[in-house]
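Worksheet: the structure to be examined is printed underneath.
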Number of protein chains: 2
Amino acid sequence: MSNFQLIKKAGKARRGRIKLFHGTVETPMFMPVATNGAIKGILPNDLIEMDAQIILANTYHMFLRPGMEVLNEIGGLHKFMSWDRPILTDSGGFQIWSLSKLNKINEQGARFKSHLDGAIFDLSPEKAVAIQEDFGSDIHMVLDECTDHPATYEQAKSSMERSMRWAARCRSAKTKGELSQFGIVQGSIYQDLRKQSCEQLIDIGFDGYAIGGLSVGEDKADMREMTELSCDHLPEDHARYLMGVGTPADLVESVALGVDIFDCVMPSRNARRGTLFTSEGRVSIKNSKHKVSEDPLDPNCRCYTCSNFSKSYLRHMFFVNETTSHRLLTIHNLTFYLDLMHKIRQSIESEQFDELLKQQRSIPY
Amino acid sequence: MSNFQLIKKAGKARRGRIKLFHGTVETPMFMPVATNGAIKGILPNDLIEMDAQIILANTYHMFLRPGMEVLNEIGGLHKFMSWDRPILTDSGGFQIWSLSKLNKINEQGARFKSHLDGAIFDLSPEKAVAIQEDFGSDIHMVLDECTDHPATYEQAKSSMERSMRWAARCRSAKTKGELSQFGIVQGSIYQDLRKQSCEQLIDIGFDGYAIGGLSVGEDKADMREMTELSCDHLPEDHARYLMGVGTPADLVESVALGVDIFDCVMPSRNARRGTLFTSEGRVSIKNSKHKVSEDPLDPNCRCYTCSNFSKSYLRHMFFVNETTSHRLLTIHNLTFYLDLMHKIRQSIESEQFDELLKQQRSIPY
């Protein structure tokens, strides 16, 4: 029941391909995050130009606004957003944990207060699946309980076990064979809990597996260790998705540990704040040294922004016109992430991933 | 010395063509306003897609930020903005009058305080020309004194006469033969002053003529009367530009009086506020009746927004994502204006301008 095809390996790094309802995606891959149904300033024509294969939308946000009445009437997320390539949606669990004003979680599910207007909603594993199937998400995620960080072993164990029971309920609730469902590994930073979580998810059987509960404040070393351990215990013939990660360095290092899929708000959020990722390291466009500079942001970048505008113009826009600046800088950062994944895919194919890893480690991101 | 070619007339309405340094433009035409070197959220690729022939940039804003040091180093506005079609710049006089914290005007020129940081600058007719020539503007405007509204006859006469002396100084200061310079008719709402102003400008001799000092609070009837009177006294073989006007109805009615060129912030500013111009009249996207609507904003519009998104999505974006909303709605309003001008040009060519005028008068803009 896997739709993942493993094409080539370089150590633990994997070059693969996933067949989804709205198209085939090449891995390793990165998903831009369209929180409210769009990345700020970016429309599908930009995403096509930067060659985004798939995007992520947030269930929590779309469920609250525009809400299911609108989305069901329009006929799902793809039509609403005018995006005909694949979409992955999270389950809403993470935002209930991080955003909602009040949340009460018991075995049945979560009761939460909207961060927008205080309205109260219930979300169960079954409802999370139904909502995402109504969205028409190519990949939808099981509802899990987000374990606090730090957590004691007992807290982490009890939370992970609930997430596994919820995962089983999500799998039973799934009705649409053409859409994929991913389970989520939990277990905080405890090796045996992560291992148990992997085993239980495999027993249930999903179309792919995500590694959750990381990038929430733990040390980088813990994050890497838990990522590697999870990858080592997940099946070779299924896709692996490290949720909410991360910097360009995180992406490359995690691919080396066996991860196939990433999402992160960092490239778009940093862009809006004037921080750019380039082949020469981080650039702050606010810096006065860019005031008079004909150079592009990144001489090695193919994006619309780098092909057409000087750092001088980008700095000017950052200070005078927020809307245009968001768009210009986000186009660059997302293209940088997508192109990095493209380079990673090529390097695995051409057996040069180790060289890429070494070269990437020398860049001051 | 005119670069205007009159192709066809329909009553006083004119179908024409202007040869400029960066390309030929077809009239009647509308210029989107890129105040600070960009329309909010809109980049050159959008402008090309909507087929903007020429854009307007504001001298006052660009002079203050990024400033002449940057613009001279980069090599002018076209390169800075990555826009290779024509640009018209105003002289800065209007913004000194409307935006600067303090302005002192005498026969020599204007002394003003930047609205940004209080820095003090002097602007003379000669300096206004030099700045715009450094910009590389295809059309640059003479520095004029903006007459207050309302103004007594004596005030209007004295102000207009100073503007005419400044116009002569601007003409003498012009050094670049390949760039066009337009004079500006003043005279408030006094017929004989407008007439004198036209005559004096013609004596000086410009590449085209603008009608200034309107759309500043006077009655529509006064605006129309002054526009018609000015057009009647300006030479047939030169382009006529009605500055800062207006609604779609103003555009059509003013073409009927003999105007060739328009600019206005209304389509972009209204878009950002959620007010759209459509073939069926004004639409407020905030209205709750659009909450569940699969329909495009305007079923008769070719723009990217109307071709891809429902009113439901546009309303959602208006409330959740300002940056994306600015872009989506501005694309529509600007395309609507540009397409209206296209229809006007076609109707004059096909001798159906009267029918278009009648049809446009029935739309509840």
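Taken together, the values in this text are just the output of simple stated rules run on the coordinates, not laboratory data. Computed from a predicted model, the values in this text were never measured in an experiment. Using ideal geometry, Cβ is built from the backbone for each residue, glycine included, and neighbour counts are taken over all protein chains shown.
Annotations for the structure displayed:
- All other residues whose Cβ lies under 12 angstrom from that of A:S268 are scored, Lys and Arg at +1 and Asp and Glu at -1, for a net of +3.
- Separation of the A:Q346 and B:K101 label points, Cα + 7 Å toward Cβ, nm: 5.3
- Under Karplus coefficients 6.51, -1.76 and 1.60, residue-wise ³J(HN,Hα) of region B:217-231 in Hz, glycine/proline x: x, 6, 5, 4, 4, 5, 4, 4, 5, 5, 5, 5, 4, 4, 4
- Rounded tilt (10° steps) of A:322-349 against the dominant C-alpha axis of chain A: 70
- Stretching B:R65 away from B:R361 to a fully extended chain increases their span by 102.5 nm, per 0.36 nm per residue minus the current alpha-carbon distance.
- Panel order for B:Y304, A:Y60, by other beta carbons found within 10 Å of each beta carbon, from fewest to most: B:Y304, A:Y60.
- Placed amide H near A:L20: partners under 5 Å, 5+ positions off or other chain: A:V25
- HN-Hα J in Hz across region B:73-88 - Karplus 6.51, -1.76, 1.60, θ = phi - 60°, x for Gly and Pro: 5, 6, x, x, 5, 4, 5, 4, 8, 6, 10, 9, 8, x, 10, 10
- Chain B - percent relative contact order, Cα under 8 Å, separation 6 or more: 18
- Gaussian network model of chain A, Cα within-10 Å springs - most flexible of A:Y241, A:Y153, A:Y209: A:Y153
- Sorted by Cβ neighbour density within 10 Å, fewest at the top, the residues A:S284, A:S100, B:S325: A:S284, A:S100, B:S325
- Distance between region B:312-346 and region A:248-265 - C-alpha centres, whole angstrom: 38
- Residues A:W97, B:W166, A:W83 arranged by fewest to most Cβ contacts within 10 Å: A:W97, A:W83, B:W166
- Angle between chain A longest axis and helix A:125-135 axis [Cα atoms, degrees, rounded to 10]: 50
- For region A:186-205 versus region A:59-136, the spacing of their alpha-carbon centroids is 25 Å.
- Placing a label point 7 Å from Cα along the Cα-to-Cβ axis, B:D51 is separated from the same position in the other copies by 3.2 nm, shortest listed first.
- Within 10 Å of each Cβ in A:41-54, the average number of Cβ atoms from other chains: 3
- Hypothetical label at B:D219: residues of region B:131-160 whose amide nitrogen lies under 15 Å (7 Å Cα-Cβ projection): B:150-151
- Taking 0.890 mPa s as the viscosity and 25 °C as the temperature, the Stokes-Einstein diffusion coefficient of chain A based on its alpha-carbon Kirkwood radius rounds to 117 µm²/s.
- Helix A:153-173 vs. chain A, principal-axis angle (Cα, 0 to 90°, nearest 10): 80
- Placing dummy labels 7 Å off each Cα toward the beta-carbon, the span from A:F121 to A:S284 is 3.8 nm.
- Unit charges on C-beta of K, R, D, E only; dipole of region B:311-358, Debye: 320
- Which listed pairs, of B:K104/B:K127; A:K12/A:K358; A:K311/B:K176; A:K127/A:K174; A:K19/A:K176; B:K101/B:K157, have C-alpha distances above 18 Å, in listed order: A:K311/B:K176; B:K101/B:K157
- Take the Cβ atoms of B:I48 and B:E73, set R0 to 35 Å, and the FRET efficiency comes out at 0.85.
- Cβ-based net charge around A:S307, under 12 Å, with every Lys or Arg adding one and every Asp or Glu removing one: -1
- Under a 5 Å amide H cut-off, with hydrogens placed 1.01 Å from N, A:T278 pairs with A:V283 among residues at least 5 apart or on other chains.
- Remark: region A:276-285, residue by residue, has Karplus-estimated 3J(HN,Hα) of 10, 8, 9, 5, 10, x, 6, 10, 9, 5 Hz, where x stands for each Gly or Pro and the curve is 6.51 cos²θ - 1.76 cosθ + 1.60 at θ = phi - 60°.
- Residues whose amide H comes within less than 5 Å of that of B:S91, counting only those at least five positions distant or on another chain, are B:M141 (H built at 1.01 Å from N in the peptide plane).
- Förster radius 60 Å - calculated FRET efficiency between B:E236 and A:V265 (Cβ-Cβ, nearest 0.05): 0.50
- Among A:K174, A:K40, A:K101: highest mean-square fluctuation, GNM of chain A, C-alpha pairs under 10 Å: A:K101
- Restricting region B:176-234 to trypsin sites (Lys or Arg not before Pro) that sit in a DSSP loop and have at most 16 other Cβ atoms within 10 Å of their own Cβ leaves B:K176.
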